[in-house]
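The next block holds one structure in the form of structure tokens; read it before the comments.
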Amino acid sequence: MAEHPAYPVGLRLTGRKVVVLGGGQVAQRRLPALMAAGADVLLVSPAATPSVEAMADTGEITWERRPYREGDLEDAWYALIATSDPEANARASAEGERHRVWCVRSDDADAATAWTPATGHSEGVTVAVLTTNAKGRDPRHTAAVRDAVVEGLRDGTLVAPHYRTRTPGVALVGGGPGDPDLITVRGRRLLAEADVVIADRLGPRDLLAELPPHVEVIDAAKIPYGRFMAQEAINNALIEHAKQGRSVVRLKGGDPYVFGRGMEELHALAEAGIPCTVVPGISSSISVPGAAGIPVTHRGVAHEFTVVSGHVAPDDERSLIDWPALARLTGTLVILMGVDKIGRIAETLMAHGKSPETPVALVQEGTTAAQRRVDATLATVAEVVVAEDVKPPAVIVVGEVVAVGPKPLA
């Protein structure tokens with residue numbers, strides 16, 4: 001039997017009895033996939049790992065706390081034999097053979113009637129990799145092949161065209177703080193499948209160069225606005241391309257809902273009857289300080305952090321921020337879009353009780369090759385920004401956490 005390759009097949013186990021013998025590490029690894037397949041799982045084992053026991057406690061599986069005995073595989077469709085008793089494994093395997101139950105054996109692949117492939121998933125596709133025969137099986141190579149295929153599907157480097165009609169629509173994709181490696185795998189896959197990409201200036205620009213030639217890339221900053229406001233023009237562009245039957249990605253910096261006006265775009269699409277998917281992104285409010293060696297919270301230093309927009313000054317009537325309340329907080333204050341207003345922000349915080357010696361860090365072009373960090377205090381930050389020629393985009397961190405990490409390199 002070992003001289004012939006295994007015949008690959010996908011088992012549909014929903015509502016069907018699956019028996020797992022043994023509650024150790026093998027069962028712990030295999031049970032989640034069986035439960036996800038909808039199997040009616042019976043675990044037979046005198047003991048189990050804490051994780052397996054928790055599955056039984058929550059009712060996800062049925063656990064009979066005893067050793068294997070003849071008849072356990074009756075009416076089963078599939079069995080995983082993974083006890084520490086070789087004799088019990090052999091008897092269970094023999095029972096499976098008599099009842100024509102496909103059995104996987106963790107202790108002896110040659111004696112098994114089925115093998116478990118290395119599996120991975122990527123948005124509606126299951127990748128399963130099997131070694132061609134039992135002799136000379138190399139599980140690490142099998143897993144490596146699986147990982148390479150799944151990673152390629154997820155990050156868009158392995159693109160398989162869709163031959164069935166796709167539903168046109170829009171995906172609002174958070175691109176992360178700038179480093180192309182920090183976009184989510186789902187966001188990268190949707191980019192690879194897009195017909196049109198409408199991109200923000202702060203999105204991960206390097207990813208645009210990787211798109212297939214047929215993809216139309218539109219710079220949101222260059223959409224002809226005419227009589228429309230900028231956001232209205234962007235909304236209209238999303239709607240028009242989607243109505244033409246195209247798959248559209250709105251690539252935004254950070255997260256679509258963190259000062260990204262994503263909800264405005266979602267509302268416009270909903271009113272136009274356009275389906276929309278929202279893909280969260282890593283917000284620069286957390287990732288950029290982290291990339292510069294600054295934790296937004298730290299034990300004994302800061303138990304909270306607050307993120308605010310600095311695009312309008314504290315004395316501007318349009319401001320919705322309670323700056324006096326922020327000055328009284330003892331945690332970390334993260335300010336986005338506030339480089340040109342930081343002088344007035346610092347004055348306001350100090351006027352309401354914040355110490356002039358409070359550390360401040362400005363991280364420009366965070367997570368990119370051009371990243372740089374400039375340190376100051378509330379009292380000096382206005383002068384430092386000018387002297388160091390700090391330009392947007394930059395994330396500003398105010399609080400004692402700035403001084404927690406190693407001193408920044410010169």
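Any chance you could count how many residues in the stretch 192-243 are over 18 Å from G260 (Cβ atoms), modelled with pLDDT of 90 or more, in contact with a strand residue (DSSP E or B) (Cβ under 7 Å, 6 or more places away or on another chain) and assigned to a helix (DSSP H, G or I)?
2
Is it the case that T348 is of a type in the set (V, I, T) and more than 18 Å from P314 (Cα to Cα)?
Against the criterion (of a type in the set (V, I, T) and more than 18 Å from P314 (Cα to Cα)), T348 does not qualify.
Step by step: first the residues of the stretch 109-143, then only those that are out of contact with any Ser or Thr (no Cβ under 6 Å at 6 or more places or on another chain), assigned to a loop (DSSP other than H, G, I, E, B) and modelled with pLDDT under 75, then the one that is surrounded by the fewest Cβ atoms within 10 Å (Cβ to Cβ). Which residue is that?
Result: G124.
Counting only residues that are aliphatic (A, V, I, L, M) and more than 38 Å from the chain's Cα centre (by Cα), which one in the stretch 340-357 is surrounded by the most Cβ atoms within 10 Å (Cβ to Cβ)?
Per the stated criteria, the residue is M350.
Check E304 against each of (1) within 18 Å of V395 (Cβ to Cβ); (2) surrounded by 13 or more Cβ atoms within 10 Å (Cβ to Cβ) and name the one condition it does not meet.
Condition (2) is where E304 drops out.
Taking the condition assigned to a loop (DSSP other than H, G, I, E, B), at pLDDT 95 or above and closer than 17 Å to P177 by Cα, does G260 pass? Break it down into steps so the answer makes sense when it comes.
Details: assigned to a loop (DSSP other than H, G, I, E, B): yes; at pLDDT 95 or above: no; closer than 17 Å to P177 by Cα: yes.
No; evaluated as a whole, the condition is false for this residue.
Against the condition outside the structural domain of P180 (by TED's automatic domain parsing), out of contact with any strand residue (DSSP E or B) (no Cβ under 9 Å at 6 or more places or on another chain) and either among the small types (G, A, S) or at positive phi (or both), how does G366 come out, does it pass?
No; evaluated as a whole, the condition is false for this residue.
Looking at the stretch 41-58, which of the residues that are within 13 Å of L31 (Cβ to Cβ) and among the small types (G, A, S) is surrounded by the fewest Cβ atoms within 10 Å (Cβ to Cβ)?
Among those residues, the one meeting the criterion is A54.
Applying the selection to the stretch 9-60, what residues are under 28 Å from the mean Cα position of the chain (by Cα), assigned to a loop (DSSP other than H, G, I, E, B) and within 14 Å of I81 (Cα to Cα)?
Result: no residue meets the conditions.
The values are calculated or read from the model by the stated rules, or taken from the named source; none is laboratory data. Just so it is clear, the model here is predicted, and its values are computed rather than measured. In this analysis, Cβ positions are derived from the backbone assuming ideal geometry, glycine residues included, and neighbour counts consider all displayed protein chains.
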